[in-house]
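Presented below is the structure to which this report refers.
The values are calculated or read from the model by the stated rules, or taken from the named source; none is laboratory data. Bear in mind that the values here come from a model prediction, so they are computed numbers and not experimental data. Quick reminder, even Gly has a Cβ in these numbers, built from the backbone with ideal geometry, and neighbours come from all protein chains shown. Ligands, DNA and RNA are excluded from the accessible area calculation, which covers all protein heavy atoms including side chains. Shrake-Rupley method; radii C 1.70, N 1.55, O 1.52, S 1.80 Å.
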Amino acid sequence: MRALQYLLTGFFALSASVVFAAGGVVDSPTGTAPDRYAYYPGTEALKKDEIRLIACGTGLPAARRDQAATCFLAELGNGDKFLFDVGTGSMANVAALMIPYDFLDKVFLTHLHTDHWGDLATLWAGGWTAGRTKPLRVWGPTGATDDMGTAYAIDHFLKAYNWDAITRNFVLSAEPGQITVKEFDYKAVNAVVYQENGVTIRSLPAIHAGDGPVSFILEYAGLKVVIGGDTFPNRWFIEHATDADLAIHETFLTPTDLVRLYGQSPGQAIGVGTQIHTSPQAFGKVMSTIKPRHAVGYHFFNEQATHDNVLLGIRQVYSGPLSLAVDNMVWNISKEAIVERMIVSPDQAWAVNGPNKPPAPPAPGTIPDPISDYIKEGRWQPAEEAQAPMVDEFKKENNLN
Ligand SMILES: [Zn+2]
Ligand SMILES: [Zn+2]
C-alpha cells in the first residue's frame, strides 16, 4: 500500500531527471534482482560527486512508532556526513543505518523545539557508549536573547544530564561525552556557517514561533540541497533556495485534519496550520516559484487519512517533481539523476565500529567513584558467587586480572 502511495505521488511528478528505482529484469531463477525500489544501507559506495539524503524523521512532536520527528542525514561523496536536526525518536532510524558513530559527529540544528533536537540525548549518550571517539559538534542559531540560543541550550543540556555524564565518565573516556557548539546569527541571510573539505553550509532566517529558527543550504560538488526548518514561507527561502537540486520544505496537515485527527480547536488549527507552519497550498506556491529539480514536503503524519489532503492542496498550486516524505525515504542526488527509494534496514541493528580506537577510560583512582561505600555495602554476595565461575572463565580467556 505504502509503495503504491509513493508511486502515485510520483506519477504526477515524473520528469527527465527524477527516477523511481523500481523494476528491472530478473533473468535467472538463481540470479539477483537489479532494482527493488529499496536501498540496503552499507551496500553502496557513493560516487565522489553524489549526495545521499536520508529522511530519518519526518513527523511531529507527538510520538508515533511509524514516524519520528525531524531528522535528515546527508551523506556526501567525500565521506562527510551531516545530521540536520535530530528530532524525538529519530535516532532509531539513524542507528538502523549501522553507520559508525564517529562518522555522525556533526549536527546542524534548525531550532530548539523538541521535535528537532529531542533525540540529541540519544545520539550523545548512545554514540558515546557505542564507539564514538571524539566530541559531538553542534551548529545552531542564536536567539533573541542569550537564553534562547543554541549555546545556552547545549550548556544546560549537559547540566541536565550531569548524572549521566558523571557516571559514564568513571568507566569511559570523557572526551566523546563533550559537545562543542558553534552558534551563528539567526538573522544572517545566506551566511556561511560551515566551510570545509569542499562543503559549504549556509543559513537563512525562518519565521516560526519565535526568533531563532533557520533553514540550511548544503552545497557540494555543484549540487545544492536546501533543508528547510519549520517556517511560514519566507522571502529569504524564495530568494536563496532557487536552483536547488533538492528542496525540502515543511508542509503541514490541513487545518481540517488538525481538528479531525490531532484534536485541535478550529482556532488553534488555522493558526498552527497556516501561520506558524506552511499549509499545503503555501508549500505548493513556494515550490512553483523556486522550481527545484525535486521538491520534498515533510512535517506531518503521513498516512492514508492525511496524504491525499496534503497532496491535493499542493497540486492546486504546484505540478513539479515531489515527494511527501516518510521516515526511511532516501534520495541519491547527482547531476544526472535524483533517485528516490525506500530504505530496508534491520529493526535490531547493532552499533558498528569505525576505524578509530576509543580513547582509554580513566585510570583507576583518577576519578572519584560515583558509588559510595554505603551503597556498595548493599551488594548481595550470593549473586557474586553465582556468577563467579563465568567471570573467572571470561577473565582467563581475555587475560584480565
Ligand atoms: Zn518548531
Ligand atoms: Zn517542528
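Take every DSSP beta bridge with both residues inside the range 118-252 and express the antiparallel ones as a percent of the total, to the nearest 5.
Taking every DSSP beta bridge with both residues in the range 118-252, the antiparallel ones total about 70 percent.
At 7 Å along the Cα-to-beta-carbon direction for both residue 360 and residue 238, put a label point, then send me their distance in nm to one decimal.
6.1
Of all the accessible heavy-atom surface of the chain, with the other protein chains kept in place and a 1.4 Å probe, what percent is carbon and sulfur?
The nonpolar share, carbon plus sulfur, comes to 57 percent.
Once label points are set 7 Å from the Cα along Cα→Cβ at both residue 337 and residue 36, what is their separation, rounded to one decimal in nm?
1.8
Rounded, prolate or oblate for the chain? Axes are the square roots of the Cα gyration tensor eigenvalues, ordered a ≥ b ≥ c, and the cut-off for rounded is a/c under 1.5.
prolate
May I ask you to order 35-43, 75-83 by the average number of other C-beta atoms within 10 Å around their residues, highest value first?
The peptides rank, most packed first, as 75-83, 35-43.
With the calculation restricted to Cα positions, what are the radius of gyration and Dmax of the range 55-205 in angstrom?
So, for the range 55-205, Rg and Dmax equal 15.0, 44 Å respectively.
Rank-order 258-269, 123-134 by packing density, defined as the average count of other C-beta atoms within 10 Å over each peptide's residues, highest first.
Peptide ranking by packing, descending: 123-134, 258-269.
Can you run phi through the Karplus equation (6.51, -1.76, 1.60; θ = phi - 60°) for the range 377-393 and list ³J(HN,Hα) in whole Hz, with x for Gly and Pro?
So the Karplus estimates, Gly and Pro as x, are 5, x, 4, 8, 4, x, 5, 4, 5, 5, 8, 4, x, 5, 5, 4, 5 Hz.
Which lysines have a Cα less than 17 Å from the Cα of residue 357, not counting those fewer than 8 places away in the same chain?
Excluding near neighbours in sequence, the set is 134.
Sorting check: for 146-156, 85-95, which peptide has the highest mean count of neighbouring beta carbons within 10 Å, and how do the rest follow?
Output ranking for 146-156, 85-95: 85-95, 146-156.
Determine, from the Cβ-Cβ distance of residue 78 and residue 189 and an R0 of 22 Å, the FRET efficiency 1/(1 + (r/R0)^6), rounded to the nearest 0.05.
Efficiency at R0 = 22 Å is approximately 0.25.
Rolling a 1.4 angstrom probe over the protein heavy atoms, how many square angstrom per residue are accessible across the chain?
For the chain, the per-residue accessible area is 48 Å².
Non-local amide H neighbours of residue 182 (under 5 Å, H modeled in plane, Pro and chain starts lacking H): which ones?
Residues meeting the criterion, in which the H sits 1.01 Å from N, are 138, 139, 140.
Describe numerically, in nm with one decimal, the distance between label points set 7 Å from Cα along Cα→Cβ at residue 167 and at residue 268.
3.5
Using a cut-off of 12 Å between alpha-carbon atoms, which aspartates and glutamates can reach residue 291, once sequence neighbours fewer than 8 places away in the same chain are excluded?
Those aspartates and glutamates meeting the cut-off are 239, 243, 245.
If you take every residue apart from residue 305 with its C-beta less than 9 Å away from the C-beta of residue 305, what net charge results, scoring Lys and Arg +1 and Asp and Glu -1?
Neighbour charge sum, excluding residue 305 itself: -2.
Only helical DSSP H runs with n ≥ 4 go in: add -39500 (n - 2.57) per run for the chain, normalise by residue count and round the 222 nm mean residue ellipticity to 500 deg cm²/dmol.
-7000 deg cm²/dmol
What's the center-to-center distance, using Cα atoms, between the range 69-94 and the range 174-197 in Å?
Cα centroid of the range 69-94 versus Cα centroid of the range 174-197: 16 Å apart.
Report the extension gain between residue 380 and residue 348 in nm, rounded to one decimal, defined as 0.36 nm multiplied by the number of residues separating them, less their alpha carbon distance.
Residue separation times 0.36 nm, minus the Cα-Cα distance, leaves 8.2 nm.
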